[in-house]
Amino acid sequence: MRKLSLIIAAVLVLAGCSAKPDISATDLWVKSSETSMAGGMTAVYGTITNNTGADIVLTGGQTDAAGITEVHEMAMIDGQMKMQEIDGGLTIPAGQSIELELGGNHLMLMQLTADLLAGDEISVTFSFTGAADLVVDGIVAKPAEGGDEQYHSTEMEMDN
Ligand SMILES: [Cu+2]
């Protein structure tokens with residue numbers, strides 16, 4: 001009997017350890033708009049936290065909602081603000097969070113497989129170096145606040 005309760009205690013300790021995920025994703029959403037149509041593109045935003053004691057790198061992802069999923073940044077290129085894939089991925093330092101946000105880094109979805117309307121939900125797998133994949137279901141599509149329908153157009157230019 002004593003031995004059995006020790007085993008149960010050990011199992012509970014193990015379960016407790018695995019309860020805290022290596023990576024947590026909060027406030028995730030995907031932009032819906034008239035530009036987020038089948039064949040088009042959009043992006044996923046939110047906060048991703050690295051709960052481990054070592055740096056990890058967000059390298060991309062995968063979703064049934066799109067043909068291509070990449071980690072993008074905004075950068076000045078030839079005097080124009082454009083987005084581009086981040087070479088080598090986006091580092092999330094040990095114990096810290098990164099923000100995927102409008103006008104900043106984002107998880108780009110290209111070649112959308114279907115229209116993405118407000119209220120639609122998608123599932124996205126985030127891929128990392130240094131940590132296991134993270135699958136997030138139920139990421140809800142909503143319009144961008146303030147309206148930035150052209151934000152993800154590669155034609156976008158800054159008005160000076
Ligand atoms: Cu992008």
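No lab work stands behind these numbers, since they all come straight from the coordinates. Keep in mind it's a predicted model, so treat the numbers as computed, not measured. Because the Cβ atoms are built from the backbone with ideal geometry, glycine has one as well, and the counts that use them run over all protein chains shown.
Tabulated data for the structure shown
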| read-out | value |
| --- | --- |
| Inter-residue pairs, beta-carbon under 8 Å, first within 15 Å of Asp137 (Cα to Cα) and in contact (Cβ under 8 Å) with a residue 12 or more places away in the chain and in segment 35-54, second among the aliphatic types (A, V, I, L, M) and in a loop (DSSP other than H, G, I, E, B), 6+ apart | Tyr45/Leu102 |
| Answer residue from segment 71-94, given it is within 12 Å of the ligand (Cβ to nearest atom) and among the hydrophobic types (A, V, I, L, M, F, W, C) and is farthest from Val57 (Cα to Cα) among those | Met81 |
| Test result for Glu85, of a type in the set (Asp, Glu) and touching a residue at least 40 places away in the same chain (Cβ under 8 Å) | no |
| Filtered residues of segment 42-76 (kept if among the aliphatic types (A, V, I, L, M) and surrounded by 20 or more Cβ atoms within 10 Å (Cβ to Cβ)) | Ala43, Val44, Ile48, Ile56, Leu58, Ala65, Ala66, Val71 |
| Residue under evaluation Ala131, criteria (1) outside any strand (DSSP E or B); (2) closer than 12 Å to Leu58 by Cβ; (3) within 14 Å of the ligand (Cβ to nearest atom), criterion not met | (3) |
| Extreme residue, nearest to the ligand (Cβ to nearest atom), among residues of segment 103-126 that are farther than 15 Å from Met41 by Cα and assigned to a strand (DSSP E or B) | Phe126 |
| Count of residues meeting criterion [assigned to a loop (DSSP other than H, G, I, E, B) and closer than 20 Å to Ala25 by Cβ] in segment 74-102 | 8 |
